[in-house]
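Q: Handing you this structure, nothing more for now.
The values are calculated or read from the model by the stated rules, or taken from the named source; none is laboratory data. Note that the coordinates shown come from a computational prediction; the quantities given were computed from them, not determined experimentally. Because the Cβ atoms are built from the backbone with ideal geometry, glycine has one as well, and the counts that use them run over all protein chains shown.
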Amino acid sequence: MATSSTPVGTLITVAPTGAEHAKADLPQLPTTLDELVETARRCEAAGAALIHLHIRDADHAPTLDRGLLRASVDAVRSETDLIVQLSTGGSVHDPLETRLTVLDAEPDSCSLTCGTTNFGDDVFLNPWGFMSDLYVMAQEREVVPEFELFDLGHVHALRRLIDTHGLPFGGTVHVDFVTGVPGGMPATTAALMAGVAMLPAEVTSWSATGIGRGHLPIMAAALSAGGHLRVGMEDNVVFARGQVVQHNDELVARAAELATLMQRPPLGTEAARELLGVKD
Ligand code: KMH
Ligand code: ZN
């Protein structure tokens, strides 16, 4: 990393929906445009500065429909000041070509996963050619990528992307460690610290998320090591033992409280834009 000093504030990202949970099992999952906008508003008020979006169709199934993506970006932008990041990971069933078309919706930021990983019983496919095309497309479209690292090999692949194509748009490099996916790196402090130790010098900020029961330990580890936070129902739907999350803002509020206790209060959206090199 370029700097070893601890950041003064904490970027809180909310990933409210994801592509994996079924609305039928979890009716409080925000899947409609109205629910998404209401979630965005409440999460911004609770301390989030960035929203990582997956969207659903009228049947609540994951979709990468261009028109729906565009409408979601526009609606969240008009109702909040959140940085809008679209997932280019989609669901494990989305074809690579369709995942590239996500940038047509002109988000501020996009996720870019740095390698293929086993994903439960499925495979989340991210071959070099796809990563490389997405990287260049994001540079051309002036979209700031967030590099999703599910495994230590992904850290090394990020090195190759930077060496091959230069810095991303915005001139900063922000990565997010996604820990605890069955098949990826475990949600342990040791694995997270191994990843942080390997980060290329060009990386200017990092965040972490713990899937499922890794949620709290990874949040504490990230805060103590100078990292930022990603929370949300995409990653974790259990607030505490026997208590299912009822709204994403519960997770954001707890992350904000912990960050504030650690003397690293949530960054506002303007400071977050500056941190990530996102256009105003
Ligand atoms: N839904 C996963 C297969 C991303 O958003 O970029 C991929 C994912 C990563 O969630
Ligand atoms: Zn995602």
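Q: Within segment 42-66, take every residue that is out of contact with any helix residue (DSSP H, G or I) (no Cβ under 8 Å at 6 or more places or on another chain) and of a type in the set (A, V, I, L, M) and give me the one that is surrounded by the fewest Cβ atoms within 10 Å (Cβ to Cβ).
A: Per the criteria, the residue is 58.
Conditions (1) acidic (Asp, Glu); (2) over 17 Å from the mean Cα position of the chain (by Cα), marked per residue:
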| position | (1), (2) |
| --- | --- |
| 91 | no, no |
| 122 | yes, yes |
| 142 | yes, yes |
| 182 | no, yes |
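Q: Is at least one residue of segment 6-26 within 14 Å of ligand 2 (Cβ to nearest atom), over 20 Å from residue 82 (Cα atoms), of a type outside the set (D, E, K, R) and at pLDDT 95 or above? Show your work before the answer.
A: Here is the first cut: in segment 6-26, the residues within 14 Å of ligand 2 (Cβ to nearest atom) are 13-21.
This time we only want the ones that are over 20 Å from residue 82 (Cα atoms), so: 19-21.
Next, only the ones that are of a type outside the set (D, E, K, R) stay: 19, 21.
Still in the list and also at pLDDT 95 or above: 19, 21.
There is at least one residue in segment 6-26 that is within 14 Å of ligand 2 (Cβ to nearest atom), over 20 Å from residue 82 (Cα atoms), of a type outside the set (D, E, K, R) and at pLDDT 95 or above.
Q: To continue, here is another question. Report whether or not residue 17 is hydroxyl-bearing (Ser, Thr, Tyr) and touching a strand residue (DSSP E or B) at 6+ places or on another chain (Cβ under 6 Å). Break it down into steps so the answer makes sense when it comes.
A: Numbers: hydroxyl-bearing (Ser, Thr, Tyr): yes; touching a strand residue (DSSP E or B) at 6+ places or on another chain (Cβ under 6 Å): no.
No, not satisfied.
Q: State which residue pairs qualify: first residue farther than 22 Å from residue 235 by Cα and inside segment 108-134, second residue assigned to a strand (DSSP E or B) and within 11 Å of ligand 1 (Cβ to nearest atom) in any location, beta carbons under 8 Å apart, and separation of 6 or more residues or different chains.
A: 131/112; 131/113; 134/110; 134/112; 134/145
Q: Quick check on residue 222: is it in contact with a Gly (Cβ under 7 Å, 6 or more places away or on another chain), within 15 Å of residue 7 (Cβ to Cβ) and part of a helix (DSSP H, G or I)?
A: Working: in contact with a Gly (Cβ under 7 Å, 6 or more places away or on another chain): no; within 15 Å of residue 7 (Cβ to Cβ): yes; part of a helix (DSSP H, G or I): yes.
Answer is no for this residue.
Q: A follow-up question, please. Check segment 193-200 and report whether any residue there is free of Cβ contacts under 8 Å to residues at least 40 places away in the same chain and assigned to a loop (DSSP other than H, G, I, E, B). Break it down into steps so the answer makes sense when it comes.
A: Of the residues in segment 193-200, the ones free of Cβ contacts under 8 Å to residues at least 40 places away in the same chain are 193, 197.
After this cut, where a residue has to be assigned to a loop (DSSP other than H, G, I, E, B) as well, the list is none.
No, because not a single residue in segment 193-200 is free of Cβ contacts under 8 Å to residues at least 40 places away in the same chain and assigned to a loop (DSSP other than H, G, I, E, B).
Q: Another question about this same structure. When you check residue 84 against the structure, is it buried (at least 16 other Cβ atoms within 10 Å of the Cβ), more than 12 Å from ligand 1 (Cβ to nearest atom), more than 24 Å from residue 150 (Cβ to Cβ) and at pLDDT 95 or above, yes or no? Can you show your working first?
A: On the way: buried (at least 16 other Cβ atoms within 10 Å of the Cβ): yes; more than 12 Å from ligand 1 (Cβ to nearest atom): yes; more than 24 Å from residue 150 (Cβ to Cβ): no; at pLDDT 95 or above: yes.
In short, no.
Q: Picking from 92, 37, 76, which residue would you name as being touching a strand residue (DSSP E or B) at 6+ places or on another chain (Cβ under 6 Å), in a helix (DSSP H, G or I) and either surrounded by 20 or more Cβ atoms within 10 Å (Cβ to Cβ) or touching a residue at least 12 places away in the same chain (Cβ under 8 Å) (or both)? Break it down into steps so the answer makes sense when it comes.
A: Details: 92 fails: in a helix (DSSP H, G or I); 37 fails: touching a strand residue (DSSP E or B) at 6+ places or on another chain (Cβ under 6 Å).
Going through 92, 37, 76 in turn, just one is touching a strand residue (DSSP E or B) at 6+ places or on another chain (Cβ under 6 Å), in a helix (DSSP H, G or I) and either surrounded by 20 or more Cβ atoms within 10 Å (Cβ to Cβ) or touching a residue at least 12 places away in the same chain (Cβ under 8 Å) (or both): 76.
Residue-wise test of (1) within 16 Å of ligand 1 (Cβ to nearest atom); (2) surrounded by 14 or more Cβ atoms within 10 Å (Cβ to Cβ); (3) closer than 27 Å to residue 28 by Cα; (4) of a type in the set (Asp, Glu).
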position: 223; (1), (2), (3), (4): no, yes, no, no
position: 228; (1), (2), (3), (4): no, yes, yes, no
position: 234; (1), (2), (3), (4): yes, yes, yes, yes
position: 278; (1), (2), (3), (4): no, yes, no, no
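Q: Looking only at segment 8-24, count every residue that is away from ligand 1 (no atom under 16 Å from the Cβ) and surrounded by fewer than 17 Cβ atoms within 10 Å (Cβ to Cβ) and tell me the total. Outline the logic, then answer.
A: Of the residues in segment 8-24, the ones away from ligand 1 (no atom under 16 Å from the Cβ) are 8-12, 24.
Adding the requirement that they be surrounded by fewer than 17 Cβ atoms within 10 Å (Cβ to Cβ) leaves 8, 24.
Count: 2.
Q: Please enumerate the residues belonging to segment 109-134 that are within 16 Å of ligand 2 (Cβ to nearest atom) and among the polar types (S, T, N, Q).
A: Across segment 109-134, the qualifying residues are 109, 111, 113, 116, 117, 126.
Q: Test of understanding: among 111, 132, which residue is in contact with a Leu (Cβ under 8 Å, 6 or more places away or on another chain), in a helix (DSSP H, G or I) and of a type in the set (Gly, Ala, Ser)? Show your work before the answer.
A: Values: 111 fails: in a helix (DSSP H, G or I).
Unique residue meeting the criteria: 132.
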